[in-house]
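What follows draws every value from the coordinates through simple rules; no lab data is involved. Being a predicted model, the structure only gives us computed values, none of them experimental. Every residue, glycine among them, receives a Cβ derived from its backbone with ideal geometry; neighbour counts consider all protein chains shown.
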Amino acid sequence: MDETVAEFIRRTILKIPKTEIMTILKGWDFLSENQLQTVNFQQNKESLIQHLILLCEEKHASFNDVALLDMICEDTDLFDMKQFKSAFKKILQRALKNVMVSFRDTEENAVWIRIAWGTQYTKPKQYKPTYVVYYPQTPYAFASFSSLRSNIPLLGQALTIASKYHQIVQMDLRSRYLDSLKAIVFKQYNQTFEMHNSTTPLQERSLGLDINMDSRIIHENTLEKERVHRITQETFGDYPQPQLEFAQYKLETKFKSDLNGGILAEREEPLRCLIKFSSPHLLEALKSLAPAGIADAPLSPLLTCIPSKRMNYFKIRDK
């Protein structure tokens with residue numbers, strides 16, 4: 001890639017607020033999802049820019065490609081919040097005679113929306129509102145429903161039209177903690193395993209050993225503990241996990257057997273079961289299972305994929 005193209009990329013990204021870089025890169029749609037997952041958006045901006053330049057070089061970025069990124073940056077600046085609010089409110093009020101919509105802007109460039117739903121014949125229910133947080137120039141909105149879920153399609157329609165996106169993404173991801181949901185959806189956490197720059201041997205770091213410990217004390221299964229520590233760090237990273245309280249798995253399978261006969265073998269309906277995991281901090285709890293000796297390492301991908309797949313509601317069926 002030409003040096004002038006690299007400099008164009010550097011200058012363009014340099015003018016984007018760090019908190020908006022991921023959102024704008026997704027809108028650019030030049031770098032793949034897999035490439036973006038390799039980026040640590042928590043590092044300093046200059047290092048971040050250098051990493052992005054290397055990724056662009058892999059895809060042989062041209063002046064035209066970077067010019068599109070530059071135009072997307074300008075389009076972000078031109079987002080009309082007043083127009084968004086007006087359009088959103090009108091769409092709901094046309095569909096429902098009795099609905100009350102309130103807005104509050106925040107310092108982090110998000111708009112909070114409170115919706116008290118009514119019907120054609122009943123007044124808005126002020127004690128059971130829906131709260132929505134929308135981040136401009138993204139196809140994501142975070143909603144808290146205290147009322148009928150039958151209003152979800154109408155809410156999605158209003159957001160889609162007012163935001164001028166083709167669709168608003170609905171995910172099977174739920175939590176009480178907005179910051180954690182935002183971190184998972186926008187991938188604002190570092191899931192890359194990084195070696196620590198330290199002169200302390202791995203054995204002493206991973207097992208918490210004191211170099212002045214009594215030499216007569218022998219630690220059993222040291223190699224196994226090192227292996228579990230390494231796999232845990234590679235899977236979860238060395239950073240605080242986003243806070244989720246539960247995960248739910250619906251399993252649907254059919255009985256399989258080479259033996260003829262039997263009640264289950266003749267059953268046409270699949271077997272179904274529901275498994276729920278709950279904890280005040282589920283991902284941190286999962287991260288601690290193998291080091292505590294409660295589970296083998298590595299954990300099942302069904303448990304460790306929650307942040308990467310941005311889901312904590314799963315349906316598992318036989319293929």
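Please grab the % of Cα pairs in segment 3-77 that end up more than 14 Å from each other. Don't skip to the answer; put the middle values down first.
Details: 1548 of 2775 pairs.
Counting pairs separated by more than 14 Å, the tail of P(r) holds 56 percent.
Given a Förster distance of 35 angstrom, what is the FRET efficiency for W112 paired with C305, based on the Cβ-Cβ distance and rounded to 0.05? The partial results should precede the final answer.
Working: r = 30 Å, r/R0 = 0.87.
Once rounded, the FRET efficiency stands at 0.70.
State the Kirkwood hydrodynamic radius of segment 81-170 in Å, one decimal place, computed from all pairs of distinct Cα atoms. Please list the in-between numbers first.
Details: mean 1/r = 0.0763 Å⁻¹.
Mean inverse Cα-Cα distance, inverted, gives 13.1 Å.
May I ask you to compute the full-extension gain from Q37 to Q120, defined as 0.36 nm times their residue separation minus their alpha-carbon distance, rounded to one decimal in nm? Could the numbers behind the result be given before it?
Working: separation 83, 0.36 × 83 = 29.88 nm, distance 4.65 nm.
25.2 nm is the gain from fully extending Q37 to Q120.
Label Y177 and S279 with points 7 Å out from Cα along Cα→Cβ: what is the distance between them in nm?
Each label point is offset 7 Å from its Cα along the Cβ direction, giving 1.2 nm.
Just the projected area, averaged over all directions, of the convex hull on the alpha carbon atoms of segment 43-103: how many nm²?
Values: hull surface 29.0 nm².
Averaging across all directions leaves 7.3 nm² for the Cα convex hull.
Projecting each Cα onto the charge dipole of segment 3-77 (Lys/Arg +1, Asp/Glu -1 at the beta carbon, about the Cα centre), which of W28, I13, Q43 comes out farthest on the positive side?
Q43
State the extension gain, in nm to one decimal, for the chain segment bounded by A87 and A67, taking 0.36 nm per residue of separation less the distance between their alpha-carbons. Write down the numbers at each step before the final one.
Values: separation 20, 0.36 × 20 = 7.20 nm, distance 3.02 nm.
In short, 4.2 nm is gained.
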